């Protein structure tokens, strides 16, 4: 039996070449699954393109309409801007409050809580995602808002020099800050669930090495867990932000709308959000007013799509960095 220059037998070399030349056999189930997955992806893209085309076509008449035909009797940009401002303001408040709290809850469930407590607490947090938004709206207007009125008065009295708390404080509690807190509770399960899954995927060797070197539990989390899960945390936060941007009923129920563009979070003078404005005004609108509402929906669609694309880019960039390192 001869041998090749690299020391392999001719039989082994021939078998290796045959395996390289013979294409792998694909079973019928593999072909069906591959085709189904590809079709589902294509169908999703078609649906997204269809929604975008519908919004653009229906919004075109609003771009060319005269100011007298628009709801605010002004420009379309002047109509959409306060709504876009209110949408972003409420979503940013929700993200600033909800994201750190969600990450803290995920860390407690994963690394601090006893197993039984972690299971119960994780189930309760996940259960928040199943509660309808209208229930959150009733909770916000019936329970949370009245209890925040004294706190808003305290903020106006002691921190009124800050533009966020200039006042006058609302006597009903139906303010932008209340809406932001309600939205923060609503996005908690999304960010918490993603953060928990990311923390569970941290290699045990990383955690054990940090503990073996004398690190405390918090130092282990800070040095080994959080850097590894940074991309997942950011991705979860962006998904939560997308949920807050598109929330409708809870905002429509809680917020006292005046149409003003202001950073005052405790006053009754509040801008509306795009989704809530569409829900409240669409049944009574007609003609160009409907086109203007759809144009505002197009703006919300673009903002939400940009947020999700940004999240995917951050996650992919972090993944490439992790693989390279």
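Note on the chain: GNM, Cα springs under 10 Å; of 62, 169, 130, the largest mean-square fluctuation is that of 130. With the helix formula -39500 (n - 2.57) applied to DSSP H stretches of n ≥ 4, the chain reaches a computed 222 nm mean residue ellipticity of -23000 deg cm²/dmol. Each residue, residue 260 and residue 42, gets one label point 7 Å from its Cα in the Cβ direction; the gap between the two is 5.5 nm.
Relative to the current alpha-carbon distance between residue 118 and residue 279, full extension at 0.36 nm per residue lengthens the span by 54.1 nm.
Helix 145-159 and the longest principal axis of the Cα set of the chain meet at an angle near 80°. Result for the chain in a Gaussian network model with C-alpha springs under 10 Å: among 212, 244, 28, the largest mean-square fluctuation is at 28. Taking 238, 44, 186 in turn, the Gaussian network model of the chain (Cα-Cα springs below 10 Å) assigns the largest fluctuation to 44.
No value in this document is a laboratory result; all are computed from the given coordinates. None of the values given here were measured: they were computed from a predicted structure. Virtual Cβ from ideal backbone geometry, glycine too; neighbours counted across all protein chains shown.
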